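Contents: one structure, followed by commentary.
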Amino acid sequence: MMAGMGKRALVWTGAVVAVAPLVGLGIYFARVGLADADQLASVIGVFVALAGLGVSVYGLITGRPPAQPEPPQKETPPPPRPDVSASGPRSIAIGGDNSGIVSTGDDATNIQRREQP
């Protein structure tokens, strides 16, 4: 609770600090006339632009370091082939990471059941 009140006070202080010069400049410009106000506004604009340029250059210099490219990934070799063999009529040999249907024999029928979503 206490930290929230401190934060609120800082926000209000910042708002007053930002608004006070604007009000002061408005009053000054109203008193000196449009020609002098225009000249002063131009000079103030130059200094604000230079300050912004300085802040942006500072941000570029002290900002995050450039992202390092990821090192190239080493290709993983394929897994070794299993040592399987089949011999004889209608024989099969399956090894490794295989999936699917295998049918052997005369008039073999495959029945697949599909789950409903």
On a 0 to 90° scale, report how tilted helix 2-32 is relative to the longest principal axis of the chain, with both axes built from alpha carbons and the result rounded to the nearest 10. 50 degrees
Starting from the Cα coordinates of the chain, work out the convex hull volume and express it per residue in Å³. 407 Å³
Simple SL model, points at 7 angstrom along Cα→Cβ for residue 108 and residue 10; separation in nm is 7.4 nm
Segment 13-52-segment 53-117 distance, computed between alpha-carbon centres (Å): 65 Å
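Using the number of other C-beta atoms within 10 angstrom as an exposure proxy, rank 87, 103 with the fewest first.
On the way: 87 6, 103 10.
Result, fewest neighbours first: 87, 103.
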For segment 8-62, state what percent of all Cα-Cα pairs lands in each successive 10 Å bin, counting from 0 Å until the bin that includes the largest distance. 21, 31, 34, 13, 1
If I fit a long axis through the Cα atoms of helix 34-62 and take the longest principal axis of the Cα atoms of the chain, what angle between them do I get, 0 to 90°, rounded to 10? 30 degrees
Can you list the trypsin sites (Lys or Arg not before Pro) in segment 1-92 that are in a DSSP coil and have 16 or fewer other beta carbons within 10 angstrom? 74, 90
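Values quoted throughout were computed directly from the atomic coordinates according to the rules given, and no laboratory measurement underlies them. Given the structure is predicted, the values throughout are model-derived calculations rather than measurements. Heads up, the Cβs are rebuilt from the backbone with ideal geometry, glycines too, and the neighbour counts pull from every protein chain shown.
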